[in-house]
Amino acid sequence: MGERAHDILGWDGPAVGLLDLDAFFASVEQLDHPEWRGLPVIVGGSADRRGVVSTASYEARRYGVHSAMPSAQARRLCPDAVWTQGNFARYREVSAAVMDILSAETPLVEQVSIDEAFFDVTPGRFSRESPIGICRRIRARVASLGVSCSIGLGVNKTVAKIASERDKPRGLTVIFPGTEGSFLAPLPVSALSGVGPATERQLAAMGIHTLGELAKASPRELEGALGVTGPRLVVRAAGRERSRVAERAVPDEAKSVSNERTFDHDLTAAAELRAAILHVASMTGRRLRRRGLAGATVTLKLRYADLRVRTAQRRLGSPTNDEHVFGPVAVGLLSSLWSEGTPVRLVGVGLS
């Protein structure tokens, strides 16, 4: 159900939103370079150095270009595109401004990547205003920054995430409480985050192709096929997931503070990885400062596409909680863990 839903219908129960910035990196580049507006813009590594596309503007997507595509292929599809390596510091700056907009509406904001965040606007928790009205205001305030976002609103994270992808760019898709089952049922199982190609094949072998079929599946059979993840998928496919939007609590006596990000596509280019490390480091620094903590040992963690995990550490001269100090140190650890072209699924940065 899109924006045509009337606020008069009200909202009963949890209200969880997912804000997704539209073609974020490319949108920032078009904001900062007005002459690029309306043109196909590709942010990514060089086609001559086996780079990959990080983000493609909607103009470039019309040619079939998408994120994680080899740059050489993107150049063949869209030879007249404007290419840029990107400016990650600028992207972080705009992302922080967007997160400030969310934080002004509710203290329950869970940033999951530089361009995505869940937020809780359950009526009566922090505001008596309609969740739909709040989402409209958020979208308008983001637009005033010069970039756009799409928002999904539902009773939990699963519904909000899928809804946010229904109407892009600049969409607001509202799934009212009680309608999540019918919304999810016809969708393919691949629409559920966490269901990759391997899981999709396993489900297909069991005759399960849609979320409606998954919702009716036997949790016991799914557990036998997929382990503990199986029954959870059944609950999520039915729209019955209970979501808590909040940062993971870190005890006051914590010996370390860290942040991780799992990427939708594997990172294979050095520029992408360096940018990702600096972004994750900025989130770790923010968490450290919020808790009044500092650390002197930097840890970089990488999880590869084959699920192997490697870590490296380096001790600083003195404790800090400034990502501008420990972030470059984390980047410096990259060469000891990774070689060009090796696909990386997750990046983590910690301070202890």
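Every read-out reported here was derived from the displayed coordinates using simple, explicitly stated rules and does not represent laboratory data. Just so you know, these numbers come straight off a predicted model, no measurement behind them. Using ideal geometry, Cβ is built from the backbone for each residue, glycine included, and neighbour counts are taken over all protein chains shown.
One table, with the values for the structure above:
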{"quantity": "Translational D in µm²/s for the range 257-351 (Stokes-Einstein at 25 °C, 0.890 mPa s, Kirkwood Rh from C-alpha pairs)", "calculated": "188 µm²/s"}
{"quantity": "Cα-based Lys pair tally, the chain, threshold under 24 Å, eight or more apart or on separate chains", "calculated": "4"}
{"quantity": "Hydrodynamic radius (Kirkwood) for the range 185-237, which is based on Cα pairs only, to one decimal in Å", "calculated": "10.4 Å"}
{"quantity": "Whole-percent pair-distance distribution, where bins are 10 Å wide, for the alpha carbons of the range 48-171", "calculated": "11, 36, 31, 16, 5, 0"}
{"quantity": "Rg to Rh, two decimals, where the range 90-229 supplies the alpha carbon set and Rh follows Kirkwood", "calculated": "1.04"}
{"quantity": "Using a Förster distance of 30 Å, the FRET efficiency for Ser46-Val235 (Cβ separation, nearest 0.05)", "calculated": "0.10"}
{"quantity": "Electrostatic dipole magnitude of the chain [Cβ: Lys, Arg +1; Asp, Glu -1; Cα centre; debye, to 20]", "calculated": "600 debye"}
{"quantity": "Bins of 10 Å from zero: percent of alpha-carbon pairs in the chain", "calculated": "5, 22, 30, 29, 13, 1"}
